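The values are calculated or read from the model by the stated rules, or taken from the named source; none is laboratory data. Note that the structure is predicted; figures quoted are calculated from it, not measured. Note: ideal-geometry Cβ built from the backbone for every residue, glycine included; neighbour counts use all protein chains shown. Calculation scope for accessible area: heavy atoms of the full protein, side chains included, ligands and nucleic acids excluded. Shrake-Rupley method; radii C 1.70, N 1.55, O 1.52, S 1.80 Å.
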Amino acid sequence: MPIGGRLEYYRMSADQIPFSRYSGFHIGDKHDYTDADGTTHTVTIEPRNVLKNKLNYAATLQGMYNFNSHFGLTADATVATRYPRINEYAGTGPTEEQYKRVTIPLVRGGITYQNKWIDLTSMVTYISKSNNIDQQNVTKPGTTQSKTTLLIYGIKTIGWTTSAEIHPIKGFNLHALLTLQKPTYDNYFIKSPFEGVADLNANGNIVKEIPQILIELDPSYRLNDKLRFWLSFRYFGKTYANLTNALFFNGRWETFGGINWSVNKHLDLGCTVINFLNQKGASGTINGAELLSKEESGKYKDYYMSGSYLRPFTVEFSAALKF
């Protein structure tokens, strides 16, 4: 039963301006700010030193039990922690009350099975992350008005993953993987900075850009020591494109294939075909739609946008010389 741990000393010293930006914002200016309790007072805009001396730690525990030569149980648990880094002080950054330890626990367990032609593992996993810090740029729907908001929230998910290495005949191998998951936001709230636009409570919403279904299929065949043929199929399920889950991208397949030929000890040749099924698809987020409600989602119909798209059908050739 392997056990591991790590302890890290973390020191941060930085000059930071902990005030919301406004038109004409500059160092030395005097500006009125209202506290959470409604008290208004005048402050001078100037940098303030932030000094932190903290300890980050991580620990892991793994275990496995075999019933016989075929079946077994496997489980592991990990917890990792860290305090906010210096880059997370961009913008206003966290206040002293908001400066909290980020904790990432992971627990998973499942079964294993193997024989002479298959090696299979099926596991259920829980993972979460608390006190995640983000500078979220929000836009008033239908306009170009935008403001940056400091968010501190959590993410959690339960997933089921089954992977297998299958080799029924000599030279042939198939790697297969299926993941079902449901990553959701926790304690995610944006107070709308725009008049007439509702606040956003994203608790329980699916995390944007993360698919709930993942499939990998990688068959390959080695003809001999010099020649190998391979294919790769990747499926990414529907992904949401904004925080309110009002906009989404359909699921998509990504396909690859190729030949690797070791001509001799000095020369390797390769040919790779990308998107050989000529699939189409997109991923990412839709800028300006952070606060968009599902009722308003029709505003984006027939609009062009920038983002990440599948590469078109492409053939690539490679050569590697070794001396």
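As a quick test, which of the pairs K116/K322; K52/K129; K140/K182 have an alpha carbon distance above 24 angstrom in this structure?
From the list (K116/K322; K52/K129; K140/K182), the Cα-Cα distance tops 24 Å for K116/K322; K140/K182.
At a 1.4 Å probe radius, carbon and sulfur cover how many percent of the accessible area of the chain?
Roughly 56 percent, rounded to a whole number.
GNM on the chain, C-alpha springs below 10 Å: top fluctuator among V79, V107, V50?
V50
Build a GNM of the chain with springs between Cα atoms under 10 Å: which of D15, D29, D199 gets the top mean-square fluctuation?
Greatest mean-square fluctuation among the candidates belongs to D29.
Placing unit charges on C-beta atoms (Lys and Arg positive, Asp and Glu negative, everything else neutral), compute the dipole magnitude of the chain about its Cα centre in debye, rounded to 20.
Around 940 debye, computed over the chain.
Pull up all non-local amide H partners of S192: gap of 5 or more, or a different chain, and H-to-H distance under 5 Å with H placed in the peptide plane.
When sequence neighbours closer than 5 places are left aside, the close amide H contacts are D199, L200.
How much accessible area per residue does the stretch 214-305 have, counting only protein heavy atoms and a probe of 1.4 Å, in square angstrom?
Here the residues of the stretch 214-305 average 57 Å² of exposed surface.
Given a 10 angstrom Cα cut-off, can you work out which residue in G154, G270, G204 is the most mobile in a GNM of the chain?
G270
Considering only protein heavy atoms, what per residue accessible area in square angstrom results for the stretch 119-177 with a 1.4 angstrom probe?
It amounts to 52 Å² per residue over the stretch 119-177.
Restricting things to alpha carbons, find the Rg to Rh ratio for the chain using the Kirkwood radius for Rh.
1.05
Starting from 0.36 nm per residue, how many nanometres of slack lie between L223 and I166 once their C-alpha separation is accounted for?
Length gained between L223 and I166: 18.8 nm.
Please go through the stretch 94-160 and write out the trypsin sites (Lys or Arg not before Pro) that DSSP classes as loop and that have at most 13 other C-beta atoms within 10 Å.
For trypsin sites (Lys or Arg not before Pro) across the stretch 94-160 that sit outside H, G, I, E and B with at most 13 neighbouring Cβ atoms in 10 Å, the list reads K100, K116.
With an 8 Å cut-off on Cα pairs and a minimum separation of 6 or more residues, tell me the relative contact order of the chain in percent.
In percent, rounded to a whole number, it is 10.
Positive end of the dipole of the chain, charges at C-beta (+1 Lys, Arg; -1 Asp, Glu), about the Cα centre: which of T42, I155, G142 has its Cα farthest in that direction?
Result: I155.
Hey, if you put +1 on the Cβ of every Lys and Arg and -1 on every Asp and Glu Cβ in the stretch 176-228, which of G196, P219, P183 ends up farthest toward the positive end of that dipole?
Of the options given, the answer is P219.
Starting from the alpha-carbon convex hull of the stretch 1-141, give the projected area averaged over all orientations, in nm².
Computing the convex hull of the Cα atoms and averaging its projections yields 14.3 nm².
Taking the radius of gyration and the Kirkwood hydrodynamic radius from Cα positions alone, what is the Rg/Rh ratio for the stretch 232-323, to two decimal places?
For the stretch 232-323, the value is 1.22.
So how strong a dipole does the stretch 21-163 carry about its Cα centre when Lys and Arg Cβ are +1 and Asp and Glu Cβ are -1, to the nearest 20 debye?
So the magnitude is around 340 debye.
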